[in-house]
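Notes follow the structure.
The values are calculated or read from the model by the stated rules, or taken from the named source; none is laboratory data. Note that the structure is predicted; figures quoted are calculated from it, not measured. Glycine also receives a Cβ, built like all others from the backbone with ideal geometry; neighbour counts cover every protein chain displayed. Accessible surface areas use protein heavy atoms only, side chains included; no ligands, DNA or RNA. Shrake-Rupley method; radii C 1.70, N 1.55, O 1.52, S 1.80 Å.
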2 protein chains.
Amino acid sequence: MTEIEARKEAVSRAARLDAVFAALADPTRRAIIERLTRSEARVTEVAEPFHMSLNAVSKHIRVLEASGVIERHRKGREHILSLNTRSLDEVDGWIERMRCHWEERLDAMEGLLRELKRDHKPGPKDRKHGSR
Amino acid sequence: MTEIEARKEAVSRAARLDAVFAALADPTRRAIIERLTRSEARVTEVAEPFHMSLNAVSKHIRVLEASGVIERHRKGREHILSLNTRSLDEVDGWIERMRCHWEERLDAMEGLLRELKRDHKPGPKDRKHGSR
């Protein structure tokens, strides 16, 4: 991959993350995703449990489709929705990367604390109260 | 916890998830989080690598603070920003829960495939081409 290709890829990955995170920032849309983790479903089935118009649910479905989190295919006259788990993997990957960074930091801090503890030789009083 | 307390907790958890996912739906804000996974930092340090005004970065910082992803404390005249990893844990927990659901489904499908394979006794031709 050339540098320009790599940059383009980074930009489109960032745009995908923007869209997926924005799509997840709504309780109805998260509930739709939760429904589709169990099985693919028709639009009317997905809409059924929500106390809102089919039109309102359809708008949420379109946001999810545009972000790539869900996909639509036709079976005869029916529109079937299913989850595209790859887009959630990407979001998960981002959070995992953040977790790695701060866990490295915590490990480093733990190391420092251990060193401090070793340098501080406890007297008899410390020994009595110092452990938990 | 009473039923009403449990419902209130669910509503406020949903609102927190909304706010955190919305906060993450922007590349500058994700870059700020990435910076703060390395160490806490002054507002000016956080703003430095971005090609935008301090005011524009401050707006992003306020969105992150309002969502609970980052925290601010004062050290003398300085404002120090740090990460609140618990809020990202909550988001991670939600994605993890979705993953569990669909992995259960994949396991179930795998089981069905195994059953189908057992029922379909391969002839010599199948045996030749059927393995990988």
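What accessible area per residue, rounded to a whole number of Å², is obtained for chain A using a probe radius of 1.4 Å? Provide the component values of the computation, followed by the final result.
Numbers: 9030 Å² over 132 residues.
With all protein chains present, chain A gives 68 Å² per residue.
Taking all Cα-Cα distances within the stretch B:51-112, those exceeding 17 Å account for 61%.
Buried accessible surface for the A/B pair, both sides summed and rounded to the nearest 100, is 2700 Å² with a 1.4 Å probe.
With the cut-off at 32 Å, tell me which of the pairs B:8/B:75; A:8/A:59; A:59/B:117 have Cα atoms farther apart than that.
Working: B:8/B:75 36 Å; A:8/A:59 30 Å; A:59/B:117 42 Å.
Distance filter (> 32 Å) returns B:8/B:75; A:59/B:117.
How big is the dipole moment of the stretch B:2-102 about its Cα centre under a simple scheme where the beta carbon of each Lys and Arg is +1, that of each Asp and Glu is -1, and everything else is neutral? Debye, nearest 20, please. The dipole of the stretch B:2-102 has a size of about 260 debye. Projected label points at residue A:104 and residue B:54, each 7 Å from Cα along the beta carbon direction, are separated by 3.0 nanometres. Here the spin labels are modelled as points 7 Å beyond Cα on the Cα-Cβ line, and at residue A:117 and residue A:77 they lie 7.1 nm apart.
Of all accessible surface on chain A at a 1.4 Å probe, what whole percent is carbon and sulfur? Don't skip to the answer; put the middle values down first.
Working: 4770 of 9030 Å².
Accessible surface attributable to carbon and sulfur in chain A totals 53 percent.
Across the identical copies, the 7 Å label point of residue B:65, projected outward along Cα→Cβ, sits 4.1 nm from its counterparts, in ascending order.
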